1. Looking at (1) modelled with pLDDT of 95 or more; (2) of a type outside the set (A, V, I, L, M); (3) under 23 Å from CYS325 (Cα atoms); (4) surrounded by fewer than 20 Cβ atoms within 10 Å (Cβ to Cβ), can you tell me which one ARG217 breaks?
2. State yes or no: is GLN57 in a loop (DSSP other than H, G, I, E, B), in the same structural domain as LEU195 (by TED's automatic domain parsing) and under 24 Å from LYS190 (Cα atoms)?
3. Select from the range 162-201 the residues that are more than 26 Å from VAL236 (Cβ to Cβ) and either among the β-branched types (Val, Ile, Thr) or touching a Gly at 6+ places or on another chain (Cβ under 7 Å) (or both) and list them in ascending order.
4. So, LEU281, is that one assigned by TED's automatic domain parsing to the domain that holds GLU254, within 19 Å of ILE228 (Cβ to Cβ) and surrounded by 12 or more Cβ atoms within 10 Å (Cβ to Cβ) or not?
5. Is it the case, given these coordinates, that LEU177 is touching a residue at least 24 places away in the same chain (Cβ under 8 Å), exposed (fewer than 15 other Cβ atoms within 10 Å of the Cβ) and over 30 Å from THR59 (Cα atoms)?
6. What strands (runs of 3 or more DSSP E), lying completely within the range 245-361, carry at least 3 residues that are among the β-branched types (Val, Ile, Thr) and at pLDDT 95 or above?
7. Would you point out which residue out of ARG135, ARG152 is at pLDDT 95 or above, within 30 Å of GLU5 (Cβ to Cβ), in the same structural domain as ILE35 (by TED's automatic domain parsing) and charged (D, E, K, R)?
8. With the requirement that a residue be touching a residue at least 40 places away in the same chain (Cβ under 8 Å) and of a type in the set (Ser, Thr, Tyr), what does the range 208-262 give you?
Amino acid sequence: MSLNEAILKVQNVEVLRGGVKVLDVPKLAIMRNEILSLIGPNGSGKSTLLLMLAGLQKTECGKIFFDGQDINEKTVSSDYRRRVTMVFQDPLLFDTTVYENVASGLKIHGLKTREIRLRVEEHLERFGILPLIRRSARKLSGGEAQRVSLARAFALKPEIIFLDEPFSSLDNPTKELLISDLECILGKTKTTAVLATHEQSEALRLADRLGVIKNGRIAQIGTPSEVINYPVDEFVASFVGTETILMGEVKEKEVGSFIVFVNGHKIEVAGEANLQDKVILCIRPENVTVAKGIASTNTSARNNFRGRINNINPAGVVHKLYIDCGFSLVAFVTNHSLKDLLLKIGDEVMVSFKATAVHAIIKK
């Protein structure tokens with residue numbers, strides 16, 4: 001099989017719970033050796049989708065193909081489950097030593113004692129916890145326990161690993177170290193992985209492709225760049241970090257661009273649209289430039305507006321500015337720029353953004 005072909009395909013699968021449809025996947029293909037990140041709010045169906053893909057969730061209808069072979073509960077599901085594994089939010093360790101926890105799946109698979117020992121030591125070393133090999137699982141920290149859980153999963157050498165919110169209970173420093181290690185190990189082992197998370201930063205850190213789930217359906221799937229810069233609807237846009245979402249109507253057309261009226265203000269957008277089209281405009285905060293004084297004549301931005309800062313919120317290495325330009329606009333400025341420009345709430349500023357920085361969703 002080519003590395004560019006799907007290792008797992010889903011067709012018209014539905015999952016019911018209490019008679020209510022909680023998952024509806026008309027089509028999904030997971031490519032060999034890729035990392036697919038699934039994001040969505042709590043309760044959107046991410047965990048149910050992973051359980052279904054792992055063969056742990058009964059489906060109402062549809063088909064799942066692994067390596068081109070139709071799998072179902074009555075034929076090869078047991079073989080399929082031996083070739084995939086799943087890591088949960090809680091490590092779910094046995095009340096025994098680290099060694100015995102990592103060895104447990106290998107024993108079930110019938111490996112010989114020497115091979116089990118070699119694999120356990122290899123994967124504990126990979127996750128940086130070999131010195132804990134004889135420690136009781138009850139005496140592990142949260143981060144250590146999740147590393148053991150991951151080592152146990154990778155020791156099985158699965159063809160696909162499903163990761164359900166594996167970092168959600170960890171503090172940020174522990175999480176960052178574990179994500180870095182996991183990223184490295186996935187790269188070295190070339191293991192196909194599907195990660196479910198509600199944290200956009202986690203998803204983007206690892207993803208070759210990104211899927212956004214809403215109400216049990218995949219709203220959009222594509223490369224991270226495609227999903228972030230070209231969301232298909234308002235929900236996806238807001239969930240992937242588009243802070244400014246505006247409603248307007250196309251009033252003018254030019255060559256290669258069109259003009260949308262938003263609250264009486266003209267916003268130029270690169271692309272094509274028809275006059276009187278109703279559109280949703282999406283503008284990411286990192287694409288907005290903020291300056292004091294009049295608009296610079298050196299900028300190539302076609303959209304320039306005067307506005308007033310209504311609020312300033314810290315957001316890590318940047319600050320988030322909420323600006324009233326006759327419409328609400330959100331911009332990022334670095335902490336250094338905030339101090340250098342002496343920006344404060346109530347200040348009048350000039351904001352600008354390029355026509356190419358605006359993504360328009362034409363409402364049907």
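The values are calculated or read from the model by the stated rules, or taken from the named source; none is laboratory data. As the structure is a prediction and not an experimental result, all values here were calculated from the model. Note: ideal-geometry Cβ built from the backbone for every residue, glycine included; neighbour counts use all protein chains shown.
1. If we test ARG217 against (1) modelled with pLDDT of 95 or more; (2) of a type outside the set (A, V, I, L, M); (3) under 23 Å from CYS325 (Cα atoms); (4) surrounded by fewer than 20 Cβ atoms within 10 Å (Cβ to Cβ), just (3) comes out false.
2. The answer is no for GLN57.
3. Selection gives SER169, LEU170, THR174, LEU178, ASP181, ILE185, THR189, THR191.
4. yes
5. Numbers: touching a residue at least 24 places away in the same chain (Cβ under 8 Å): yes; exposed (fewer than 15 other Cβ atoms within 10 Å of the Cβ): yes; over 30 Å from THR59 (Cα atoms): yes.
Taking the combined requirement at face value, the residue satisfies it.
6. Where strands (runs of 3 or more DSSP E) fall fully within the range 245-361 and carry at least 3 residues being among the β-branched types (Val, Ile, Thr) and at pLDDT 95 or above, they are 257-262, 278-283.
7. On the way: ARG135 fails: within 30 Å of GLU5 (Cβ to Cβ).
The unique qualifying residue is ARG152.
8. Passing the criteria: TYR230, THR242, THR244, SER257.
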